[in-house]
Amino acid sequence: MAKHSDSDIRSLVKNMTLKEKCSLLSGEDFWHTKAVERLGIPAIMVSDGPHGLRKQDESCEGGSENDSIKAVCFPAACATASSFDTDVMRRLGETLGDECQEENVSTILGPAINIKRSPLCGRNFEYMSEDPYLAGELAASYINGVQSKGVGVSLKHFALNNQEYRRLTCSSNCDERTMREIYLAAFETAVKKSQPRTIMHSYNLINGTYAGESRCLLHEVLRKEWGFKGVVMSDWGAVSSRVAGVKAGGDLEMPGHGGVNDKKVLKAARKDKKLAKRIDESCFRILRWVYDSIDGRQKGSFDFEKHHEIARQLEEESIVLLKNDGMLPLPAHSEFVLIGELAKKPRYQGGGSSHINSITVTSASEAFQKAGASFSYEQGYIIEEKEGDGEKSAGLLAAAVSAAKKCGKAVVFAGLPDSFESEGYDRKHLDMPANQNKLIDALVDAGVKVTVVMHNGSPVVMPWRDKVSAIVEAYLGGEAVGEAVVNILTGKVNPSGKLAETFPLRLEDTPSFLTFANDSRNCEYSEGVYVGYRWYDTRKMEVEYPFGFGLSYTTFEYSDLELNSDCITDGKKGKNKISARVTVRNSGTVEGKEVVQLYVSDKTGFVPRPEKELKGFRKVSLKPGESVRVEFTLDKRSFAYYDTALGDWYAPSGTYEIQVGSSSRDIRAVAPVVFKTTVSIPVDIGPNTTIGDLLGNKKTRKVIKAFLSKVMEKRNDSEAAREAITDEMIEQSLDSTPLRGLYMAGMHVKKKVFRRLVEDLLDRES
């Protein structure tokens, strides 16, 4: 099939009537774009995702838009992000791309990479991480996997959609530095490294303007600054003012609502030539996407059994071992009691638009039976306990404790019910159901050695964590979760997942506790850049489990951290990049995988910054006794923060630390490095400019130091006073003194001399 060139598409746009162009700006229905029959322009279909194909079943006459075909449910993002493995994400993407081609789906809606600002967000199960570096790298790999199969993605939800409460009308109020460093950074990485075919703008307002109506966000940042070439589509029902959205750079409204907004755009465009030009740009981008989908058609594959196996393998890479006092792996033929409704009916995915209509789901009970394990089963609790269930629950608990006491060992499957977390609403607390906590406490009190397997989409408080023998975090692990968990429990697979989010001890400890989802109109991001481990580690707070944490059935040693240079610069001369190499050795007795994490810590003190920030990770597989040299490459961005005065990323000159370890709280090797910048932050010179700012600016430092030196020479201080008051003391005392304060600092500066100083400073700054 001949490919449609850009010139072919521009000719099509030129031949369209204004009415046809406006019609192209919204969907035909819930899942399809519009065709233009007169010009032979076809419609294409999109489908929900991103951890499975939730395609509408078009064979069901009169069915709702939520009737979906049977499909394979892969682990949700809360799980796969814990793999810390770009290869895992690419394989997931490639598999979904094959399924989309088989089902003639042009674009799968996802991945969702909004930052986990609070563990209460009801949609956290389908978001990746609290860390933008990790989320961006994993998302880019997933997108490249999907799009390698000729299928598009819709990266979502752009941007600052970090709560479900009043998401259609609430304003996320955030300063620019925080926005750039935390909430936009993952999107930036994904755009630059994978160029998604579409991006979905979010429902919410940002600093008082709807995301879909922000020209700054959609055009200046996304297109001009980052180079995004694809389509910006709305989240379903996210359009407030369609005309304003088109002017801002929003291309496609989904769904179309019968073309109501198309008519409004048409009416406005007849009077506004600038709007008509924007419509042409949107039509070009939409048609480029349509024909990329048509031209990229290839043979697909939807092998349910094969893809079920892939789902199992991905979950095995993602399961996190949180605690193990020697209980795991379970010895062969050991007897135990399997307890919990979730052991027979696992909660393997979240609720809402990403819910997959799975053809098969394997429970842990079934997987243990298949493995020939020696166990008995007790329900133990009611997953969705209702009023009046008290007597039945007490009986289930008593039976489970009685059976476990006889055996001495129990594997309890616990977690959150479907009703606790879903798209559309947020959680109110971090607690697990009381009946499950009561069961686990009763088992421990009875002297039973307990392993707890968790099925949840986000962190929970575990009041029994110090009492049980082992804890396994399976998250929402997809339809093969039962097999994957059993393979981990029995040691067939060595766990290698790491937490992509911090598990706090209390809700009150979370950085956004005072401002999360408690105002119907505004959400103040007052914690700034201190999100997740950036908050907990900087404040040195005790947590339940830290970011990047995960155990193994083997152990790993780190040694010989080496940098290829002790200095890096952002200038044309010198090193613009450095490499860090560290040796990792499997010091245990079984083969295993370790996630090596690299953090950068700013020691310059130039501006307030988190104690450390993730800037590299790599998963390596090692046999017992085997070593590998792991290498990371760092550039200016690895050391930089976003400076709003500069309007760019800036790394101040000074010393930084490269920290390599197994989690944010388990740093195994440290090496210093000096960064030298050639960039000066502009100083707005005026009466209130401080001496400290002038001394800190490369361009003005010499001028102000020379001036202060001359002033001090003219002072008639005694010899004793001169010995007592050093230049450093003077600089420190003048740090916060504004220029106008020189009159009041006992320096007796004349007006003429002061005016000449300001002129010299302005001249040097310009």
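The values are calculated or read from the model by the stated rules, or taken from the named source; none is laboratory data. Note that the structure is predicted; figures quoted are calculated from it, not measured. Note: ideal-geometry Cβ built from the backbone for every residue, glycine included; neighbour counts use all protein chains shown. Only protein heavy atoms, including side chains, enter the accessible area calculation; ligands, DNA and RNA are left aside. Shrake-Rupley method; radii C 1.70, N 1.55, O 1.52, S 1.80 Å.
Under the shape rule built on the C-alpha gyration tensor, where the axes satisfy a ≥ b ≥ c, region 574-648 is prolate, since a/c reaches at least 1.5 and a/b is greater than b/c. Dipole magnitude for region 467-615: computed about the Cα centre from +1 point charges on Lys and Arg Cβ and -1 point charges on Asp and Glu Cβ, it is near 580 debye.
With a 1.4 Å probe and every protein chain left in place, work out the accessible area per residue of region 5-127 in Å², rounded to a whole number. Intermediate results must be reported in sequence, preceding the final value.
Working: 4030 Å² over 123 residues.
Using a 1.4 Å probe on heavy atoms only, each residue of region 5-127 averages 33 Å².
Using the Cβ of residue 581 as centre and a radius below 9 Å, the other residues enclosed give a net charge of -2, where K and R count +1 and D and E count -1. Only protein heavy atoms count here; on that basis, with a 1.4 Å probe, residue 623 has an accessible area of about 120 Å².
Summing +1 for each Lys or Arg and -1 for each Asp or Glu, what net charge is found among the other residues whose Cβ lies under 12 Å from the Cβ of residue 320?
Working: positive: 323, 498; negative: 315, 316, 317, 473, 501.
That works out to -3.
Report the relative contact order of region 12-119, percent, no decimals, based on alpha-carbon pairs under 8 angstrom and at least 6 residues apart.
Numbers: 106 pairs, mean separation 27.2, N = 108.
Relative contact order, region 12-119: 25 percent.
Sort 147-154, 597-604, 685-692 for me by packing, meaning the mean count of neighbouring Cβ atoms within 10 Å per residue, highest on top. Walk me through the numbers on the way to the answer.
Details: 147-154: 23.4, 597-604: 20.9, 685-692: 16.0.
Descending mean neighbour count gives 147-154, 597-604, 685-692.
For residue 616, nonlocal amide neighbours, meaning residues 5 or more places apart or on other chains whose placed amide H falls under 5 Å from its own, are 598. Over region 1-123, with every protein chain in place, what whole percent of the accessible area is carbon and sulfur at 1.4 Å, could you tell me? With neighbouring chains kept in place, the figure for region 1-123 is 44 percent. Annotation: amide H of residue 415 within the under-5 Å range of 455, sequence separation 5 or more or interchain, hydrogens built in the peptide plane. 3J(HN,Hα) along region 150-164: x, 10, x, 10, 10, 5, 9, 10, 8, 7, 6, 8, 10, 8, 8 Hz, from the Karplus curve 6.51 cos²θ - 1.76 cosθ + 1.60 with θ = phi - 60°, whole Hz, x for Gly and Pro.
Between 704, 663, 195, whose Cα lies farthest towards the positive end of the dipole of the chain when Lys and Arg beta carbons carry +1 and Asp and Glu beta carbons carry -1, centred on the Cα centre? Of the options given, the answer is 704.
Among residues other than residue 3 whose Cβ falls under 10 Å from its Cβ, what is the net charge (Lys/Arg +1, Asp/Glu -1)?
Values: positive: none; negative: 8, 292, 295.
Once positives and negatives cancel, what remains is -3.
Between residue 232 and 199, 251, 252, the built amide H atoms are under 5 Å apart, and every one of these is 5 or more places off in sequence or on another chain. Computed from backbone phi, the HN-Hα couplings of region 637-647 come to 4, 5, 10, 8, 10, 8, 9, 6, 5, 7, x Hz, rounded to whole numbers (Karplus: 6.51 cos²θ - 1.76 cosθ + 1.60, θ = phi - 60°; Gly and Pro given as x). Placing pseudo-labels 7 Å out from each Cα toward the beta carbon at residue 752 and residue 706 gives an inter-label distance of 1.9 nm. Dipole orientation for the chain: of the candidates 319, 291, 348, 291 has the Cα lying most toward the positive pole (charges on Cβ; Lys, Arg +1; Asp, Glu -1). Taking a ≥ b ≥ c as the square roots of the eigenvalues of the alpha-carbon gyration tensor, region 132-188 is classed oblate because a/c is 1.5 or more while a/b is no larger than b/c.
Farthest toward the positive end of the dipole of the chain, out of 532, 9, 112, is the Cα of 9, where the dipole comes from beta carbon charges about the Cα centre. Can you pull the one-decimal nm distance between simple spin-label points at residue 518 and residue 590, each 7 Å off the Cα toward Cβ? Each label point is offset 7 Å from its Cα along the Cβ direction, giving 4.5 nm. Considering all alpha-carbon pairs of the chain, what whole percent are spaced by more than 33 angstrom? Tail fraction, whole percent: 57.
Can you give me the accessible area per residue for region 484-574, using a 1.4 Å probe, in Å²? Intermediate results must be reported in sequence, preceding the final value.
Values: 3860 Å² over 91 residues.
Value for region 484-574: 42 Å² per residue.
Determine the dipole magnitude for region 399-550: charges of +1 sit on the beta-carbon of Lys and Arg, -1 on that of Asp and Glu, nothing else is charged, the reference point is the Cα centre, and the result goes in debye to the nearest 20.
Details: 16 positive and 20 negative charges, 151 e Å.
With Lys and Arg at +1 and Asp and Glu at -1, about 720 debye.
A DSSP coil position with no more than 16 other Cβ atoms inside 10 Å describes the following trypsin sites (Lys or Arg not before Pro) in region 292-368: 297, 299. In percent, how large is the relative contact order of region 122-184, given Cα pairs closer than 8 Å and 6 or more residues apart? Normalised by residue count, the contact order of region 122-184 is 42 percent. Karplus-based coupling profile of region 664-677, in residue order and whole Hz: 5, 10, 10, 8, 9, 8, 9, 9, x, 8, 9, 9, 10, 9, with θ = phi - 60° in 6.51 cos²θ - 1.76 cosθ + 1.60 and x standing for Gly or Pro.
Sequence gap at least 6, Cα distance under 8 Å: using those rules, report the relative contact order of the chain to the nearest whole percent. Don't skip to the end; give the middle numbers.
Values: 1707 pairs, mean separation 97.8, N = 766.
Relative contact order for the chain comes out at 13 percent.
Treating only the Cβ atoms of Lys and Arg (+1) and Asp and Glu (-1) as charged, compute the dipole magnitude of the chain about its Cα centre; round to the nearest 20 debye. Provide the component values of the computation, followed by the final result.
On the way: 104 positive and 107 negative charges, 633 e Å.
For the chain, the charge dipole is close to 3040 debye.
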